[in-house]
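Before any comments, here is the structure.
Nothing in this text is a laboratory measurement; each read-out follows from the coordinates by a stated rule. Keep in mind that this is a model prediction, so the values were computed, not measured. Cβ: placed from backbone, ideal geometry, glycine included. Neighbour counts: every protein chain shown.
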Amino acid sequence: MRKSKYSEEQIIGFLKQAEAGMPVAEICRKGGFSDATFYKWRSKFGGMEVPDAQRLRELEGENAKLKKLLAEAHLDMHALKSVLGVKR
């Protein structure tokens, strides 16, 4: 997945500006991103503070590692079953 050029701190800053009453179109124009990106960020980071966003990033990384380990375990099990054969 492509990494955003904006950090979580910057994204939360943009969302705080919108909560303060600044028009979304103006925030997007100044930041150089689209309205759709802003609303996607709002659905993901809405109501968060910076430490919450950093913890979310850590959890997503940990989740990716666990998914990779699980996939490797399933591949190992499948390989063993194909080598040893299935009981009839």
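Taking Cα atoms only, the orientation of helix 8-19 departs from the longest principal axis of the chain by about 40 degrees. Remark: the chain carries a charge dipole of roughly 540 debye about the Cα centre, counting +1 on each Lys and Arg Cβ and -1 on each Asp and Glu Cβ.
How much net charge surrounds residue 24 when only other residues with a Cβ under 15 Å from its Cβ are counted (Lys, Arg +1; Asp, Glu -1)? Every neighbour counted, the sum reads +2. Within the shell of other residues whose beta carbon sits under 15 angstrom from the beta carbon of residue 73, the net charge comes to +2, with Lys and Arg scored +1 and Asp and Glu -1. Counting only alpha carbon atoms, the long axis of helix 35-45 and the longest principal axis of the chain meet at about 60°. Quick one: grab the alpha carbon gyration tensor of the chain, order the square roots of its eigenvalues as a ≥ b ≥ c, and give me rounded if a/c is under 1.5, else prolate or oblate depending on whether a/b is larger than b/c. Note, shape of the chain comes out prolate. When the chain is treated as a GNM with alpha-carbon contacts under 10 Å, the residue of 36, 18, 53 showing the greatest mean-square fluctuation is 36. Taking the longest Cα principal axis of the chain as reference, the axis of helix 50-84 is set at about 20 degrees.
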